[in-house]
Every structure is written in C-alpha cells, then in structure tokens.
Amino acid sequence: MYKGGYTGKILRINLTNQTAKKEKLPLNIAKDFIGGAGFGVKYLYDEVKAGTDPLGPENKLFFAPGPFSGTAVPCASRIAVTGKSPLTNAVGMCLSGGFFPAELKLAGYDMLIIEGKAEKPIYIWIKDGEVRFRDAGKLWGTQTSDCQQIIRDDLHDQNVRVACIGPAGERLSKIACIINERRAAGRKGLGAVMGAKNLKAIAVRGSGTLDIASPEKFKSARAAMLKAMKESPVLYPHFSKEGTPSNVDNTCALGIFPAKNWSATGAFTPVDQIGVEALESRRIGKEHCADCPVGCSQLRLAQAGPYAGILTEGPEFETLYSLGGETGVDNMDSIIAADRLCDELGVDTISAGVTVGFAMELFEKGILTTADTGGLELKFGNHQAMISLIRLMAFREGIGDVLADGVKAAAARIGKGSEKYALHVKGLELPGYDVRGAKAHGLSYATSYTGADHNRGYAFQEIFGVPVPYAVDRFAIEGKGKLTVWNQDVRTATCDCPTMCVFLLDMAMAPRATESTAAFMEAVTGLAFTPEEVTRVGERVNNLARAFNLREGFKRADDTLPERLMTEPLQSGASKGQLISRKDLDAMLDEYYTVREWDANTGIPSKKKLKELNLDYVCNEIGAK
Amino acid sequence: MSATKLARSSIRLSGKAVIKVKIYTILTLKQILGQREFEVSIQEGSTVKTLLSWMIQTWGDKLSPHLFQPESDRVLPHIRLLVNGRDIQFLNGVDTVLHDGDEFSILPILTGG
C-alpha cells in the first residue's frame, strides 16, 4: 500500500487501560495531510471534542514525525507534537528536532497517539513492535537530562531516545515543555498535558529501515536540495557556525529586538553583550539533528561569576530575546545558565522569559512588591532574580505559582490593571520580533492557529529581506494579508507537515520549497504531488485548525494583538514611530480573511472553501455558509 | 538593487552645505568598518549612491567584495540597504536622497530565528 517513507502504522496507547494498539494509516489521510502537524491537526479535530479539558484524560497527544524522518532526506528528523493547549485552549502544536523523531519512525510508526491517564507515574518503552509500561515513581521529580540518562541506564541501552517532562510538567505548569535530548517541543504547555496524564517519558528504540519508492528520483531530489544548500550564501558560511544568535544583531539593527516587556524596543539593544560576537567566545562545540549536514545548534559554556561552568545547547535567538532583551538582562553567562535551567526543569524559554519580563514591569510599576515576590527585587536586568523566579515558577512556589501558567492567567490572578502588560495572543506569549516594525509578522501572530507563534507564518521577507515570493516593505500594511496566507500555507506544507527544518526554507529552499516537497513526496513515498497540491495541504491544515478553534469558541475578536502594540509607537531605533494601530490590524485582517475566503465578521471559512479542501465534514460543526 | 551601477566617485565636501548621516552595520561589515555605527559628514543632496561610492573609496578592496558582485559595480543581491529602517527599494533605490540626521544601514546576509 505504501511504497516508502511511511510505515503505514499508527500506535495508539491508552494510559488508563495500559493498552497499545496498532492501526493502519489511511492512505487518503497521508495524501491530504502529509504527516507531522497535518496528522496532528487532523486527528485532534476528529478525536478531541469541543470543550475538552486540556488537562483531563480526554485530551490526547499526537506525536507525528514526517514521511521523510528516518530516511536520508536531509534535515527531516523532526516531530510535531499536537494536543489541545492548556495555555490557549486552542490547537497546541509545536515541533522538535534531534534524534527522537527518526527513532520513532525506525521503530515503525508514522504517529503515536497518547490518550487517557495513568493511575500513577509511568513511562512508555517502545522497542520496535513491543510496548511496555514501566513505573516512573522514582523518575518523578527528576530534571530532564537526568531522567533521560536514568531511563537509558534502566533499559541497558545508551542509544534509546527519550522525550520527557521535568518538574514543571509534573506540576502542570501551562508553560511546561517536552524535552528530547536537549531539544524542546517547547510551546503551548504540552508538557503539562503529559504531566496531567502521569506520563513522565516516552522511550523509543527502532531497528527498522524505511523503503524509498523511487531511488532514482530520490537521488535527483536529494542532489537538488544539497546543491541549493551548498549554494546558499548563508547556510554553511554563517549559519552552520553561528546558529540563530546573529539574529540579535539583525533585529537590533532593524529596531525590532523587543526589550523590557516591549517597553524599550530600539532603546535597549545589547548587541555587544549578547550578540553573536559575545557568544562566539563561549562556543565549545556544536550539535546536529539526525541526518542534518548543517548542525546549527551550538554548545556554549558560561565563563564567569556564579554561572561559570554551566553548559547549554543554545541559547537560540528566541531565548536571547526572552531571557535577555525581554527581561533587560545583558549578562550573557546568566542567560546561558537560565537557558539550561529552563531545559532541565522543562519550561518553555520564550513563555518563561516573557512571564519574567511581565513580572518585572509590574514590579517596576509597583503593582507587585517585595511582599508579593518573597523579597525578590524583580527589576529589569536583575539576572539573579530572573533565575530565582524561573525556579519558583517551575516548582510553583510563592510568586512562582501565580506566574506558572503564563502571563494571561497571571494577569487574571493579579488584577490591578496588569492585563495591560500581559503580552500574548490567545494566551501564548509573544516571541522575539517587535512586530510594530514587521507588519506581516504581526498579522501572523494575530491569526496563527496556535496564538503568537513565530514559526507558523514567519515573514522572512520582512525580517531578512528574502524576496520570495516577492520583496515587501516591512512597514507597509497593504498586501500583508495575502502575504501572510502564503507564509502560513507554504510553511505548514513544506516544513510543519513533512517535518522539514524551517531553516532550510528560510535560507536555501524558499524559491523552490513546494517543488522540492512535491519531488520528495513522489520519490520517497510514491504519492504524486504537484507544487500546487503541496500548498493546498498547508491551506487545508490551516483551515482545519481554524475549524477546531472556532468549535472551541474563538472568534475574529481573538485574532488580535496586545494593546501596547496597537497604541504605543516605538520610541527609538530603526523602526521609530511604528505601531500596528487597530485600524491597521483591521485592514490587514480584512484582506487576510478575503484571501482565505473566511467570513469577514465571524472568521468562519466558507462552505465553498471547505469543500475545495475536502473538509466538507466540518461545515455543519462550525456553521459554515 | 542588484542591477544598479554605482559610479565610483568621491563625496566632495566643499561648496554646498554639509549634512550628517549615521552609518550602521553589523557582523562582517562591522568588522571591516571597525565600528558598528558612526557619523559621517556629506554634502547636502547626496544620495545613497554617492555615500556608497565614498565608502568604497575609503575602505577599498576590504569592503568591495562584501558589497559588490565580482568584477562589477552591482550590489550583491542579498545585501540590504536601508534608510531610516526602510529598504531603499521602497524609496528611490540608490538615488534616494539623504537628509541631515538620517541613518543608513547596511545589513549583510543572515537568518535564523
């Protein structure tokens, strides 16, 4: 039935009954959704009913690598983790790399579905066709690197790959993540979903191989990709050596590196302290995901003071923003330490940093005092306080309990006008681009099905000047609706569903991403795709995810941005004077909805559009007309 | 920008009034220029083209390969030139006239976030 790439099998695990069942992957689902986020969104819509408690046993987690994971397609060892997000109550989907994704494929599965709730802490051990449920009582409370090592020792196999949660996930922090190796399925609180299920970890070992439908076509598609990668002026010359942190230098130059809870963007630009040069002296090695020839992830060692000797894989650009610019911290070694701490405790670095920055602004404005913080002087730039607060949040101690569920929930508990300073969309904390100076990127934050998510519709045209499909003026409003639809659909179809690394799209494959994905689909799986059909998969996933969110009660009014971004123009830097006013946002939304064929008032996709996308079955549930 | 030819002429500061423009750059270009940002005095009415030409004359062969295609006066396609944060292709290209207090940014290629 399947000629290659896919294993054709889904492993469904019920934690309540401790049963495991193998199911067939229907061919039409592979064709319509490709894999990864596509499978996750499809099964989430079909199996998790409206109103489900994200932390209840009825919520599910879908771990889906792509059809190329585990093959020799470069940069495809990634996995999409999907569930209903406890942070947003919307679709929660994020991707992680490393070796765990390829291992799950080689164990024989296109997707792992986790449902129910274990009576007590357990971990799942998958060895090819065998599934075991093992006691995790002694693992409960461990940090993520210790947890992974203890499991490998327990199983007497150092090549076992593990995805696990830390203390934050165990305590149901809604900003808890899932860690495999030193990579994170970081955002939307899916670590708390694992914690709520009493599932500490999933351990996998696979010894299988994957067929390739057409070795000749595969050779040709792979050669074309490797050639494009080699010809990229940035991928090997710079990105392979520097990784993502050079974006600190870039966004500071553009005046969009967010600072001090987005109150000092353009004014606080710590390039010398936490930019790429500062990181270079701390780099001691690098890491690759499976089958990746680039190896963008850098190992860095803190050098001085109380942090000397702490090693981390990173910090990536987003973390330099969240634990640096956002908090006003320009002490590089403390950011390295905080990055490692977040990974060990299983907390998303972006949401954690933004929550710390939020608390710091409340403290500076007198809304929080030392009486609230247990004596912590939560002033911007206080790196000791930042690290203390991250620990308190992960363990839900003191003020940390108030902040452990992110800024939206914290503002609701604190009151006193604090919501004004809570920077999120649909509950998800803002990532590291001040979108007042990058309007399409802002529209994507407002409309992404996961909330403020830089990875769902990254506007590389604005951030890096990549002229694909065309060059744009980052300050312009007109045309950004159409561009955002392109960014979201192409990224979904060429990265999130086939689980290909997004950096390839940005740096090497942008002009030919859909062509390349179509070529690999045919070569690896034998399923024929045109580039247009690839893009259509992205459109289908974005519409189905929209339908899930509508069913949960989301409306056009939720496609918005924090008040600060719409009312406070940037005061300094190369984007001085810029903001996205309510009027600007409405104009972009109107264009976006028109291009999407969504109702301008309700945001509901038209029946015609849904039928075009083979999504007829959702029409009645969401009231499509 | 990629097809734009640049005359390699110097900026003459005599005669007309002088304005001040800030030059800002990062990464490899910063290393070549020696500093991330600095101010230069140029003749009123100068354009991006004349400022780039002056920079090439000042930093010569060290800077040229990072801005221009080999054996050419064509700016490398991935170099971003911005005036006050806006890409000059949405202003008047290299003929964009600079004004007192403007910030001229030259951003080499990079990505990843």
Given +1 on the Cβ of Lys and Arg, -1 on the Cβ of Asp and Glu, and no further charges, what dipole in debye does the protein assembly as shown carry about its Cα centre, rounded to the nearest 20? 960
Under 5 Å between amide hydrogens, which residues at least 5 positions from A:GLN578 or on another chain qualify, with H placed 1.01 Å from N in the peptide plane? A:LEU570
Cross-link candidates for A:LYS607: which aspartates and glutamates have Cα within less than 14 Å, leaving aside residues fewer than 8 places away along the same chain? A:GLU597, A:ASP599, A:ASP616, A:GLU621
Tell me the trypsin sites (Lys or Arg not before Pro) within region A:121-187 that lie in a loop according to DSSP and have at most 16 other beta-carbon atoms within 10 Å. A:LYS138
Rounded to the nearest 100 Å², the accessible area hidden between B and A, summed over both chains at a 1.4 Å probe radius, is 2200
Could you sort out which of A:LYS174/A:LYS480; A:LYS22/A:LYS200; A:LYS200/A:LYS241 sit more than 25 Å apart by Cα distance in this structure? A:LYS174/A:LYS480; A:LYS200/A:LYS241
Ignoring ligands, DNA and RNA, the residues of region B:33-71 whose accessible area with a 1.4 Å probe is reduced by 30 Å² or more relative to the chain alone are B:ARG36
Write out the GluC sites (Glu not before Pro) in region B:24-86 meeting two conditions: DSSP loop, and at most 16 other Cβ atoms within 10 Å of their Cβ. B:GLU44, B:GLU71
Dividing the Cα radius of gyration by the Kirkwood radius, what Rg/Rh value follows for region A:243-356? 0.96
Taking the Cα atoms only, what angle lies between the long axis of helix B:48-67 and the longest principal axis of chain B, rounded to 10 degrees? 40
Chymotrypsin sites (Phe, Trp or Tyr not before Pro) within region A:408-507: DSSP coil, no more than 11 neighbouring Cβ in 10 Å: A:TYR470
List the residues of region A:239-281 that lose 50 Å² or more of accessible area once all protein chains are present, compared with their chain alone (1.4 Å probe, heavy atoms only, no ligands or nucleic acids). A:ALA253, A:GLU277
Averaged per residue, the 1.4 Å probe accessible area of chain A, protein heavy atoms only, in Å², is roughly 32
So how far apart, in nm, are the two label points at A:ALA476 and A:ASP599 if each is 7 Å from Cα heading toward Cβ? 3.2
Gap separating the Cα centres of region A:587-625 and region A:450-512, nearest whole Å: 22
Suppose every Lys and Arg Cβ carries +1 and every Asp and Glu Cβ carries -1, with no other charges. What dipole size does region A:416-485 come out with about its Cα centre, to the nearest 20 debye? 140
Given the convex hull over the Cα atoms of region B:60-113, what projected area results after averaging over all orientations, in nm²? 5.0
Run down the aspartates and glutamates and flag those whose C-alpha is under 14 Å from the C-alpha of B:LYS16, throwing out any fewer than 8 positions away in its chain. B:GLU44, B:ASP100
Over 31 Å between alpha carbons, listed pairs A:LYS439/B:LYS22; A:LYS127/A:LYS426; A:LYS420/A:LYS555; A:LYS84/A:LYS219: A:LYS127/A:LYS426; A:LYS84/A:LYS219
Can you tell me the alpha carbon radius of gyration of chain A divided by the globular rule-of-thumb value 2.2 N^0.38 Å? 0.88
Label point distance in nm, B:LYS22-A:GLU621, each placed 7 Å from Cα along Cα→Cβ: 5.3
Rounded to the nearest 500 deg cm²/dmol, what is the calculated helix-only ellipticity per residue at 222 nm for chain A, with -39500 (n - 2.57) per DSSP H run of length n ≥ 4? -10500 deg cm²/dmol
Mind checking which of A:ILE350, A:LEU299, A:ALA371 is farthest towards the positive end of region A:298-376's charge dipole, using Cβ charges of +1 (Lys, Arg) and -1 (Asp, Glu) about the Cα centre? A:ALA371
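The values are calculated or read from the model by the stated rules, or taken from the named source; none is laboratory data. The shown structure was predicted, so the numbers you read here are calculated from the model rather than taken from an experiment. Please note: Cβ atoms are built from the backbone with ideal geometry, for glycine as well, and neighbour counts cover all protein chains shown. Heads up: the accessible areas ignore ligands, DNA and RNA and are worked out on the full protein's heavy atoms, side chains in. Shrake-Rupley method; radii C 1.70, N 1.55, O 1.52, S 1.80 Å.
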